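Engineer: Mind having a look at this structure? Questions to follow.
Derivation of every value follows stated rules applied to the coordinates shown; laboratory data play no part. Note that the coordinates shown come from a computational prediction; the quantities given were computed from them, not determined experimentally.
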Amino acid sequence: MAPRKANGEGSIYQRKSDNRFVYQFTTPEGRKSVTGKTRKEVIEKKKLFDEQQREQALFKARMGLDNPAAASISLTQWVADWIELYKKPPMVKITTYSTYLFLLGAHIKPFLEIHRSFRLAMPTYKPSTITKPLRAVLTA
């Protein structure tokens, strides 16, 4: 008899309908699954998912999102880090990623350098506290 799997390890099986392999596993957000043509491919996709989860945890720790009292970064830095973490290949196409970087450098950074007063302070973050000053700057 095979040894019992650990929590979150998941299971790999082959669907009969299309002969694709499915890797199902549990995360804190709920059940997730990845599919692929081969068993090796779904294992690689699961490793990529785990790596992205670790990067997101490091990002949250660096930004102070797990400790809101410690967070106070510039909006420009937050946008750059967000693009680097969430919009980097293979999550989006390389051309999309390069477009995001171009737009960040050509439009967003220059705009935010003119208006340096934008800072993200997590304890006071509410949608209205960001949108009201932003509307005032955009209409000025």
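Engineer: Just to check I understand the Karplus step: with θ = phi - 60° and J = 6.51 cos²θ - 1.76 cosθ + 1.60, what whole-Hz values come out for the stretch 46-58, glycine and proline as x?
Structural biologist: 3J(HN,Hα) across the stretch 46-58, in whole Hz: 5, 5, 5, 4, 4, 5, 5, 4, 5, 4, 5, 5, 5.
Engineer: Step through the table entries 45/93; 40/60; 47/88, compare each Cα-Cα distance with 19 Å, and write down the pairs that go over it.
Structural biologist: The pairs that break the limit, which is 19 Å between Cα atoms, are 40/60.
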